[in-house]
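Undergrad: Handing you a structure now.
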Amino acid sequence: MKTKNTALVIGANGVIGSNLIKYLEELDNWNIIGISRRGGTDTTKTKYLSVDLLNKEDCKKQLQFLTSITHIFYAAYQDKPSWAELVPPNLAMLVNVVTEIELVAKDLQHISLMQGYKVYGAHYGPFKTPAKESDAGHMPPEFNVDQQQYLEKQQEGKKWSWSALRPSVVGGAALGNPMNLVLVIAIYATISKALGLPLRFPGKPGAYDKLMDFTDAGLLAKATVWAATAPECRNQAFNITNGDLFRWNELWPKIAAYFQMETAPPLHLPLQTVMADKTIVWEQIQEKYSLEKHSYQEVSAWGFGDFVFSWNYDFFSDGTKARRMGFHEFIDTEKMFFDLFDELKSKKIIPSN
């Protein structure tokens, strides 16, 4: 009989956290506690708590009873307008969680940290590709690095271990998330179609033909649990990707065909600017197709779209370390996109025709 683990998922309502909880619920040896600012609806296996992670007193008040935690899965993120401003809140949230759980959870076994390609400087411009976990660091500020360094130091002499997962852009269907590119494309396509426009790639010149990889949120969930439970993965970082590469100039026409749209030559469109006034259009679409009444803000992540579509350089990592060590899952990225679009349709977030 398997030992029962208790997972504490921080950032439970995001694309990554919600898919991790979904996967953990499928396994027979996990109890789950989900933490987010919004809380959530409890299930038979998952209890949700609303916690202000930046407030030490609230963390102490809410987390002091979580004595059974064996694994922390940290996927929280607070957005800020500059790279330097990202460091204090994102480091403080992690420190507050670990500090309180270490005090009360005497059987803590593992802390899983969600990172990304910012560790490699991918957000600054062209970087070495494929990026490897052993690549040299870059000049700070970088909150991902600060978080890992904190865990490394905190773990010294402890029985628990840590792992750091480094996905590419993550594909999922969760709403209200500042970094959901699948949703960006789906809403952009839906509004373009409603206005009788072709589906133009809105990125910077040069971004259309560069090599990219992607990470499916479901695949990432499996990799996260694998790294948190396999003894050989202790205190290491892993790039986690779907396992293939793509170029927008190959995928974009297929996305247009999925939405039954024509394409036109790429045109650099700052989405934060050109999509800012489309609330009324979106509400008309919702009414016409009897969609769920999610606010325009809840389905919009235009800043992240601008960010990703600005990458006029190759953007991918070497994911073979995880596969060499035993994680053999992969997924076709094109299929991932279409499956997620189907999911958005089934949830009545976008029209089904």
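The values are calculated or read from the model by the stated rules, or taken from the named source; none is laboratory data. For clarity, every value in this text was computed on a predicted model and none was experimentally measured. Quick reminder, even Gly has a Cβ in these numbers, built from the backbone with ideal geometry, and neighbours come from all protein chains shown.
Undergrad: Are any residues in region 18-41 outside any loop (DSSP other than H, G, I, E, B) and either among the hydrophobic types (A, V, I, L, M, F, W, C) or without any contact (Cβ under 8 Å) to a residue 60 or more places away in the chain (or both), and if so, which ones? Steps first, answer last, please.
TA: Initially, region 18-41 is screened for residues outside any loop (DSSP other than H, G, I, E, B), giving 18-26, 30-36.
The answer is L20, I21, L24, E25, E26, W30, N31, I32, I33, G34, I35, S36.
Undergrad: Conditions: (1) in contact with a Pro (Cβ under 6 Å, 6 or more places away or on another chain); (2) assigned to a loop (DSSP other than H, G, I, E, B). A76 meets all but one. Number of the miss?
TA: Answer for A76: the failing condition is (1).
Undergrad: Now, a different point. Being aliphatic (A, V, I, L, M), under 18 Å from the mean Cα position of the chain (by Cα) and modelled with pLDDT of 95 or more narrows it down to one of L175, L181, so name that one. Full working, then the answer.
TA: Values: L175 fails: modelled with pLDDT of 95 or more.
Answer to the selection: L181.
Undergrad: Give the number of residues within region 244-267 that are surrounded by 15 or more Cβ atoms within 10 Å (Cβ to Cβ), closer than 21 Å to Y313 by Cβ and over 25 Å from the mean Cα position of the chain (by Cα).
TA: Within region 244-267, residues that are surrounded by 15 or more Cβ atoms within 10 Å (Cβ to Cβ), closer than 21 Å to Y313 by Cβ and over 25 Å from the mean Cα position of the chain (by Cα) number 1.
Undergrad: A follow-up question, please. Taking region 1-41 on its own, how many of its residues are of a type in the set (F, W, Y) and either buried (at least 24 other Cβ atoms within 10 Å of the Cβ) or under 21 Å from the mean Cα position of the chain (by Cα) (or both)?
TA: Here the count works out to 1.
Undergrad: Of all residues in region 263-313, which are touching a helix residue (DSSP H, G or I) at 6+ places or on another chain (Cβ under 7 Å) and over 19 Å from L344 (Cβ atoms)?
TA: T263, P270, Q272, G303, D306 - these are the residues of region 263-313 that are touching a helix residue (DSSP H, G or I) at 6+ places or on another chain (Cβ under 7 Å) and over 19 Å from L344 (Cβ atoms).
Undergrad: Going through region 324-344 one residue at a time, which ones are surrounded by fewer than 16 Cβ atoms within 10 Å (Cβ to Cβ) and either over 25 Å from F201 (Cα atoms) or in contact with a Ser or Thr (Cβ under 7 Å, 6 or more places away or on another chain) (or both)?
TA: Across region 324-344, the qualifying residues are R324, M325, G326, H328, F330.
Undergrad: Which residues, counting only those in region 60-79, are of a type in the set (D, E, K, R) and either modelled with pLDDT of 95 or more or over 19 Å from the mean Cα position of the chain (by Cα) (or both)? Walk me through how you get there before you give the answer.
TA: So the first thing to find is which residues in region 60-79 are of a type in the set (D, E, K, R), and the list is 60-61, 79.
Within region 60-79, K60, K61 qualify.
Undergrad: When you go through L113, L103 one by one, which is the residue that is in contact (Cβ under 8 Å) with a residue 40 or more places away in the chain and either hydrophobic (A, V, I, L, M, F, W, C) or more than 23 Å from T3 (Cα to Cα) (or both)? Before the answer, list the steps.
TA: Details: L103 fails: in contact (Cβ under 8 Å) with a residue 40 or more places away in the chain.
None of the others qualify; the one that does is L113.
Undergrad: A further question follows. Just for region 56-73: of the residues that are out of contact with any helix residue (DSSP H, G or I) (no Cβ under 8 Å at 6 or more places or on another chain) and in a loop (DSSP other than H, G, I, E, B), which one is nearest to I21 (Cα to Cα)? Lay out the reasoning, then the answer.
TA: First, pick out the residues of region 56-73 that are out of contact with any helix residue (DSSP H, G or I) (no Cβ under 8 Å at 6 or more places or on another chain): 57-58, 61-62, 68, 70.
Those left that are additionally in a loop (DSSP other than H, G, I, E, B): 68, 70.
Values: S68: 17, T70: 15 Å.
Here the residue is T70.
Undergrad: Just the residues that are surrounded by fewer than 21 Cβ atoms within 10 Å (Cβ to Cβ) and either more than 26 Å from the chain's Cα centre (by Cα) or in a helix (DSSP H, G or I) (or both), please, taken from region 101-113.
TA: E102, L103, V104, A105, K106, D107
Undergrad: Any idea how many residues of region 285-314 are part of a helix (DSSP H, G or I), surrounded by 13 or more Cβ atoms within 10 Å (Cβ to Cβ) and not β-branched (V, I, T)?
TA: Selection size over region 285-314: 8.
Undergrad: Another question, if that's okay. In this structure, is G125 on the phi > 0 side of the Ramachandran plot, surrounded by fewer than 14 Cβ atoms within 10 Å (Cβ to Cβ), assigned by TED's automatic domain parsing to the domain that holds E25 and not in a helix (DSSP H, G or I)? So that I can check it myself, show each step before the final result.
TA: Numbers: on the phi > 0 side of the Ramachandran plot: yes; surrounded by fewer than 14 Cβ atoms within 10 Å (Cβ to Cβ): yes; assigned by TED's automatic domain parsing to the domain that holds E25: yes; not in a helix (DSSP H, G or I): yes.
Considered against the rule, which asks whether it is on the phi > 0 side of the Ramachandran plot, surrounded by fewer than 14 Cβ atoms within 10 Å (Cβ to Cβ), assigned by TED's automatic domain parsing to the domain that holds E25 and not in a helix (DSSP H, G or I), G125 comes out as yes.
Undergrad: Identify all residues within region 159-213 that are among the charged types (D, E, K, R), out of contact with any helix residue (DSSP H, G or I) (no Cβ under 6 Å at 6 or more places or on another chain) and assigned to a loop (DSSP other than H, G, I, E, B); write none if there are none.
TA: Result: K159, K204, K210, D213.
Undergrad: Applying the selection to region 333-352, what residues are touching a residue at least 24 places away in the same chain (Cβ under 8 Å), hydroxyl-bearing (S, T, Y) and over 20 Å from D244 (Cβ atoms)? Can you show your working first?
TA: Kept after step one, since they are touching a residue at least 24 places away in the same chain (Cβ under 8 Å), are these residues of region 333-352: 333-334, 336-338, 340-341, 343-344, 347-352.
Add one more test, that the residue is hydroxyl-bearing (S, T, Y), and what stays is 333, 352.
Hit for region 333-352 is S352, nothing else.
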